[in-house]
Amino acid sequence: MKISNGVRKFFILFIFVLLLYLSIFLLHGENIFFVFSEPWQKFLYRQKQDPIDQYDICEDLKIENMKLKSYRAENQILKQHLNFLTESQDEFILANILGRRYESGFNWIIINKGEKDGISPGLAVVDQKGSLVGSIIASEDSISYVRPLLDLHSFIAADIINFNEDDKSEITSGIIQGEYNLIVKMKYVPLGKKVKLGDIVITSGMEEGIRRGIIIGQVTQINKKPNDIFQELVITPLAEQNLRIVSVLLPVN
């Protein structure tokens, strides 16, 4: 039986292709395996990396969420400042608190507004509710130093206004002074003056840069001694403690 030329040529071509394929596979099997397995390797690598990427994305979202909450809280405080100052019709300068400085027994709050903004020593500093934080003790070109009420060197004239049985106002005056950065006392209050727990203490307006009527705090303790001519009051300040923003009240012209 004779094999036709066409079949012979096809058989020879088939053998040639088979040998070529086997030679490539045997000599370069690793390369061929890599070509076919590369997509799967990439897929497995992505699956391995995805949890880390997802963790990073989650952490970024947490940070952004914290920033948004911080901005929201700051905006609320600014609105409270503006609401109070609009009602009181005070001229004011908003300032951010940069930090605190402790030096030789002095306790200062540093704010980011100074002389170029119109701030000078002696001006009152209040929180968003209008309660007294302290007063400007020194100012530079772009920063100022605030002496808080708790500072030992803080002295501010203050009043307590009460009404007697005839509905007539009675004013009790004294001096507000901090003690050891822990408490605030109202000193030099005449022993005969009637004071009650919970009475509100305000500025008397005796200082040049601090107007009358700024809320300082309320009476939480009354100390009397029979032989003394003065009684001493412990005052709890009503200003916020963890402040980020304050208002400096400008003097009325």
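Since every read-out is calculated from the coordinates, none of them should be taken as a lab result. From a predicted model like this one, the values you see are computed outputs, not experimental measurements. Reconstructed Cβ throughout: ideal geometry from the backbone, glycine too, with neighbour counts over all protein chains shown.
DSSP loop trypsin sites (Lys or Arg not before Pro) in segment 110-183 with at most 10 other Cβ atoms within 10 Å of their Cβ, which ones? All intermediate terms of the calculation are to be shown ahead of the outcome.
Working: sites: LYS113, LYS116, LYS129, LYS168; in loops: LYS113, LYS129, LYS168.
In loop regions of segment 110-183 (DSSP not H, G, I, E or B), the sparsely surrounded trypsin sites (Lys or Arg not before Pro) are LYS168.
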Original post:
Extension gain LEU191-ASP141, at 0.36 nm per residue separation less the Cα-Cα distance, in nm?
Top reply: 13.5 nm
**OP:** For each of MET186, MET206, count neighbouring Cβ atoms within 10 Å of the residue's Cβ, then give the residues from fewest to most.
**Re:** MET206, MET186
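Could you please rank LEU123, LEU238, placing first whichever residue has the fewest other Cβ atoms within 10 Å of its Cβ? Don't jump to the answer; show the numbers that get you there.
Values: LEU123 23, LEU238 16.
Arranged by neighbour count, lowest to highest, LEU123, LEU238 become LEU238, LEU123.
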**OP:** Using a cut-off of 15 Å between beta-carbons, work out the net charge of the residues near TYR102 (Lys and Arg +1, Asp and Glu -1, TYR102 not included).
**Re:** +1
**OP:** Can you give me the three principal axis dimensions of segment 155-237 from its C-alpha atoms, in Å, biggest first?
**Re:** 34, 28, 20
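Could you please report the charge total around THR172, scoring K, R as +1 and D, E as -1 over all other residues with beta-carbon less than 9 angstrom from its beta-carbon?
Details: positive: LYS193, LYS194; negative: ASP159, GLU170, ASP199.
Counting the neighbours of THR172, the net charge comes to -1.
With a 10 Å Cβ neighbour count serving as the proxy for reagent exposure, in which order, fewest first, do TYR188, TYR145 appear?
Working: TYR188 13, TYR145 19.
So the residues, fewest neighbours to most, are TYR188, TYR145.
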Original post:
Using the Karplus equation 6.51 cos²θ - 1.76 cosθ + 1.60 (θ = phi - 60°), what ³J(HN,Hα) coupling, rounded to whole Hz, does each residue of segment 170-178 give in order, writing x for Gly and Pro?
Top reply: 10, 9, 10, 10, x, 10, 8, 9, x
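If packing is taken as the mean number of other Cβ atoms within 10 Å per residue, what is the order of 221-232, 147-158, highest first?
Order by mean packing, descending: 147-158, 221-232.
May I ask you to compute the full-extension gain from PHE163 to ILE110, defined as 0.36 nm times their residue separation minus their alpha-carbon distance, rounded to one decimal in nm?
Working: separation 53, 0.36 × 53 = 19.08 nm, distance 3.91 nm.
Value of the extension gain: 15.2 nm.
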